[in-house]
């Protein structure tokens, strides 16, 4: 029997209720070239950070408790593996150049104080239910109050989905951009037949 009582209590203690609607709308659509990002992945695959969802020393207590709860109910290295680029300063700089200054103006962020990460989820992999701790951004820029954006890198395909509270986001086009509100629980999955490429852009909006 699935023992999810601890995760349910964790959510209940934070008053997370799917019966309460959260309005989520597309913020904008960036002008990006999906093939450019996929070429970057293929050229720098050996330099990717490859991880799965589990407790880590640099995560906040909140992040590690979420990971423990997810591991307890069956999420592990076999179903949550992610490859990402952007924590390396050279990768972060290159990804910002690929996004371009016009897009940064569109989202109202200073690219010099922004962390960009390119994420790859292969078929069968997911990012379990969680709320963001923003540890990577805070390590670089301190305890600011940043905004996190989800950006679709390539057009929507079979099985590519983002759930943000009670909203199921799919059918996106390359460049479609959504704000992930602070402390809002969300999850992302690829139960399709092609890699799912997305960006997270984290920075302080002007």
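The values are calculated or read from the model by the stated rules, or taken from the named source; none is laboratory data. These figures come from a predicted structure and were not determined experimentally. Positions of Cβ are backbone-derived with ideal geometry, glycine not excepted, and every protein chain shown enters the neighbour counts.
Every residue, every condition in (1) surrounded by fewer than 18 Cβ atoms within 10 Å (Cβ to Cβ); (2) within 11 Å of the chain's Cα centre (by Cα); (3) modelled with pLDDT of 95 or more, yes or no:
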residue: 127; (1), (2), (3): no, yes, yes
residue: 132; (1), (2), (3): no, yes, no
residue: 135; (1), (2), (3): yes, no, no
residue: 138; (1), (2), (3): yes, no, no
residue: 142; (1), (2), (3): yes, no, no
residue: 154; (1), (2), (3): no, no, no
residue: 160; (1), (2), (3): no, no, yes
residue: 167; (1), (2), (3): yes, no, yes
Boolean, residue 95 is within 21 Å of residue 188 (Cα to Cα) and either surrounded by fewer than 17 Cβ atoms within 10 Å (Cβ to Cβ) or in contact with a strand residue (DSSP E or B) (Cβ under 9 Å, 6 or more places away or on another chain) (or both): no
All positions within region 173-206 that are under 15 Å from the mean Cα position of the chain (by Cα), within 20 Å of residue 31 (Cβ to Cβ) and assigned to a loop (DSSP other than H, G, I, E, B): 175
Region 32-73, subset assigned to a loop (DSSP other than H, G, I, E, B) and surrounded by fewer than 12 Cβ atoms within 10 Å (Cβ to Cβ), residue farthest from the chain's Cα centre (by Cα): 57
Test result for residue 102, touching a residue at least 60 places away in the same chain (Cβ under 8 Å) and over 22 Å from residue 167 (Cβ atoms): yes
Residue match in region 180-198 (condition: on the phi > 0 side of the Ramachandran plot, in contact with a helix residue (DSSP H, G or I) (Cβ under 9 Å, 6 or more places away or on another chain) and crowded, with 16+ Cβ neighbours inside 10 Å): no
Residues that are surrounded by 10 or more Cβ atoms within 10 Å (Cβ to Cβ) and part of a loop (DSSP other than H, G, I, E, B), drawn from region 6-20: 14, 16, 17, 18
